[in-house]
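The values are calculated or read from the model by the stated rules, or taken from the named source; none is laboratory data. These numbers come from a predicted model, not from an experiment. Every residue, glycine as well, gets a Cβ built from its backbone with ideal geometry; the counts of neighbours run over all protein chains shown. Side chains are part of the model used for accessible areas, which takes the heavy atoms of the whole protein and leaves out ligands, DNA and RNA. Shrake-Rupley method; radii C 1.70, N 1.55, O 1.52, S 1.80 Å.
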Amino acid sequence: MSWEIYVSPEAEAALRDASRTARADVARVLDELARRGPSVVAVDHDGAEWTGRVVAGDHLVTVAGRQEDRRLVVVSITLVEAHPAQQAVEVLPLRQATRRRLGRGLEGLDLDLRYTFRVLRRSKLFTAVVIATLAIGFGGATAILDIVNTVYAGALPFGDGNRLVRLRNFNASPAGDVRRYNLAASDFDLLRRNNRSFTDVVAMAGRSLSLVSDGPAERVSAIGVSPNWVQTLRIRPMLGRAFTPDEEQQGTGASVGLISHALWQRRFGGDAGVLGRSLQYDGGALTIIGVMPPDLNYPYDAAVWTPWTFSLGNNSSSLNVVARLADGVSIELAREDAARLHEERRAAGLHRSANGFDVATVRADFIRDEARTLQALSTAVLFLLVLACVNVANLLVARFTTRRVELGLRAALGGRRDQQIRQMLLEAVVLFAAGAAGGMGLGVWLRKMLAVTVPEDLVTQLGFASTGVGSGIAALTMGIGLASGLLVGIMAARRAIRMDPIALVRQGGRGSVGRSDRRMFDVL
């Protein structure tokens, strides 16, 4: 026999204002009340007349009734105030059911965190050793990751610098040793006229100038450049202008030059009125038309750049040649084109001593000799990080294993396994997060020490002198730390909760850990 359900006007008004999902939840509860009566109600006041509550989704239904009367009155329908965790996930772009499950999973997280910190404070020595171990591993990894990122991914001071290639001759010995050296003027002319892979090919030649004006005598590196040098490297002076086509064609006869930012500061005190002034050196003078950007001293620690005319009759291998890859041309295609040009050169009887043209990106050419050092150092530091994580994983497994009785007792008292796993996961994640944070602080210091591993030419010519840890690397380190904490926590938690909780409680005492587990903990 079903129960009669009456709904008060206040409850009807609340139901009309509720969402379609909420009305469906309340309807299901009312159907259950009609079928089973007060048995589904949590009674607040029991007596001849009683009241009680029943949850319907996000709403609380208050019901009243009278003993020996098969009628129920729905007094009110109110929205239950959501848990802060549930409120936080409501802003996420997820389905409502997914947000609800996520919110339920996060409920009680604040209590678990407080318990985690309390447990760790009770084991100060263990906590300090674990955090220190992780900080050493993450500190080394942070420093070397930042160096590798600087060397291999740091921005070059050229527009689209990864499309610039350095062209050189090479000789290969029977033993496999390769010697690379600069090009002759005839090589430069051949590459410029007959290539199929480059939009521009430019040459640079170095010499020394002894400055005699605007300060004490000083010897600096001066670079003569071929036409289209500024356009090919896609650089522009920070002050003044670049060479005009007429000045490039005149070569040294144009008597104009660009100076480096360091020379501008050193000899002219950063005076913006330096443009148009004469820079005198032993044997001549040039008019300053521009100042280059800071930290750009390419190539050969240049302080002065001037137009230069290269004589094809000069057979000395003295030209630093750089080219820009055409759109759609890869470095492999450029090497094939360079091999074709070498065959043309050999057929013409030019530069017979060379085995071919060497083609490498400007970045790769700078770091070629130091790459093995960086790779060896990276391998060693990453191995140190893995070793630290494995050691901490073993310690956590042993620590959780010795707490089996506590876990078993909590399970016997109604604690869910998922709650216990979450508690152990939080402990592991907190330790790894603290270790990663400490590692970032240590990494800043190590980064300064390891700055000597950055190729010197990158520092002096291209300004790769940063000694701080970038925000991207810091975020990556923290992400690795949290992911490692989750992985290690899952492994340790699964190992710790394998046994039946009732059996663990029955064992009790010191013997509950087991000889093998206690021996493993002592060894670790």
Legend entry - Net dipole in debye of region 291-344 [+1 Lys, Arg Cβ; -1 Asp, Glu Cβ; about Cα centre; nearest 20]: 180
Inset, instruction - Could you order 448, 124 by accessible surface area, starting with the largest, using a probe radius of 1.4 Å? - result: 124, 448
Legend entry - Three-way shape label, region 178-240, alpha-carbon gyration tensor, a/c 1.5: oblate
Inset, instruction - Quote to one decimal, in nm, the extra length available between residue 375 and residue 49 on full extension: 0.36 nm per residue of separation minus the C-alpha distance between them. - result: 109.3 nm
Inset, instruction - Please work out how much length the chain gains when fully extended from residue 368 to residue 277, using 0.36 nm per residue of separation minus the C-alpha to C-alpha distance, in nm with one decimal. - result: 28.8 nm
Legend entry - Stretchable slack from residue 80 to residue 110, in nm (0.36 nm times residue separation minus alpha-carbon distance): 8.7 nm
Legend entry - Solvent accessible area, Å² - residue 281, 1.4 Å probe, full protein context: 50
Legend entry - Computed accessible area, residue 238, all protein chains, 1.4 angstrom probe, square angstrom: 90
Inset, instruction - Could you tell me which of rounded, prolate or oblate describes region 288-357, using a ≥ b ≥ c as the square roots of the eigenvalues of the alpha-carbon gyration tensor, with rounded for a/c under 1.5 and, failing that, prolate when a/b is larger than b/c and oblate otherwise? - result: oblate
Inset, instruction - Classify region 225-272 as rounded, prolate or oblate from the Cα gyration tensor: take a ≥ b ≥ c as the square roots of its eigenvalues, call it rounded if a/c is under 1.5, otherwise prolate when a/b beats b/c and oblate if not. - result: prolate
Inset, instruction - Can you tell me the FRET efficiency between residue 327 and residue 207 if r is taken as the Cβ-Cβ distance and R0 is 51 Å, rounded to the nearest 0.05? - result: 0.90
Legend entry - Euclidean distance of C-alpha centroids, region 202-266 and region 279-308, integer Å: 3
Inset, instruction - Could you work out the Kirkwood radius for region 163-281, taking every pair of different alpha carbons, averaging 1/r and inverting it, reported in Å? - result: 17.0
Legend entry - Carbon + sulfur, % of accessible area of region 156-299 - ligands and nucleic acids excluded, 1.4 Å: 45
Legend entry - Cα-projected label distance for residue 383 with residue 172, points at 7 Å along beta-carbon direction, nm: 3.1
Inset, instruction - Pop out the ³J(HN,Hα) list for region 248-261 in order, Karplus 6.51 cos²θ - 1.76 cosθ + 1.60 with θ = phi - 60°, rounded to Hz; leave Gly and Pro as x. - result: 5, 6, 5, x, 5, x, 6, 6, 10, x, 9, 10, 6, 4
